[in-house]
Structure formats: C-alpha cells, structure tokens
1. Under a plain spin-label model, where a point goes 7 Å from the Cα along Cα-to-Cβ, how far apart in nm are residue 42 and residue 2?
2. So how much slack lies between residue 24 and residue 87, counting 0.36 nm per residue of separation and subtracting their Cα-Cα distance, in nm?
3. Say R0 is 30 Å: what FRET efficiency, to the nearest 0.05, do residue 35 and residue 74 get from their beta-carbon distance?
C-alpha cells in the first residue's frame, strides 16, 4: 500500500485531498489514468506510469474489502484520511533516512520539477502552458516522457 500510494502521488502530481477522495471506479486501466476531483470541484484526468500501475494492481488485488476508496486503512478498512496519508508519507521518509519535515505536497512539487526539467524549461510559467493542453495531447506528452 505504501509503495502504491507514494508512486501514485509522485507519478500523477495529485494533491493529497484529491487522492483521499479517489474511488477505484475512477481508474481507467487501459490508458493508465484516473479522473480526479480537484479544487473548485473540477474534474481532470491524470496519468500514471507503468510502475504505478503494477503497484496499484498488486495493492488492490490483495485487498479483501469492498470499500470503493482507492486507499483504505489497514485495520478495519475504510477510506483513508488526509492525516493518515500524511503519517504514511512521513513513515516512508523516516525509513528512507530522511529526517526533515516531509509533506505530501512535496511529491506534487517534485512531479512538477521533474516535468519542467524533462522539457528543458527554465521558467515554470513555460511548463504551465503545457499543463493546460487538452486531454489527448497531455496523455501523449505523459506517455512520451514517463
């Protein structure tokens, strides 16, 4: 579960609140995407890499509960809270030997920085233009670089 959560957050750039509310039924396995509800109750499609797909499928295949949430608590499975996800990210970073204060939003920043460097942009404003592309162009871009 930890690996799937970490990889999903890093490979999609989703906010923690978006991941918490995500249901299994919003995953499209055929094109490795998920429809998430973001700020302002707006929906958008995000894409994840093949490593994330493998980890998510392994995690979901091992679950025995019927909760629709993509990520659930280990005991008495129910939708994970933001606080629980924060705790898990902190636990992962501690095991990795990172003892400074780590926040889930840093995974979103890492995702954006990764895209910016792949494109060779010096300014984040240039990268923002790409982020506003239509779905099919964005998907093609994601597949090319991830």
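Read-outs: derived from the displayed coordinates by stated rules, not from any lab. If you're wondering where the values come from, they're calculated on a predicted model, not measured in any experiment. When we count neighbours, we look across all protein chains shown, and the Cβ atoms used for this are built from the backbone with ideal geometry, even at glycine.
1. 3.5 nm
2. Numbers: separation 63, 0.36 × 63 = 22.68 nm, distance 2.20 nm.
Taking 0.36 nm per residue and subtracting the Cα distance, the gain is 20.5 nm.
3. 0.70
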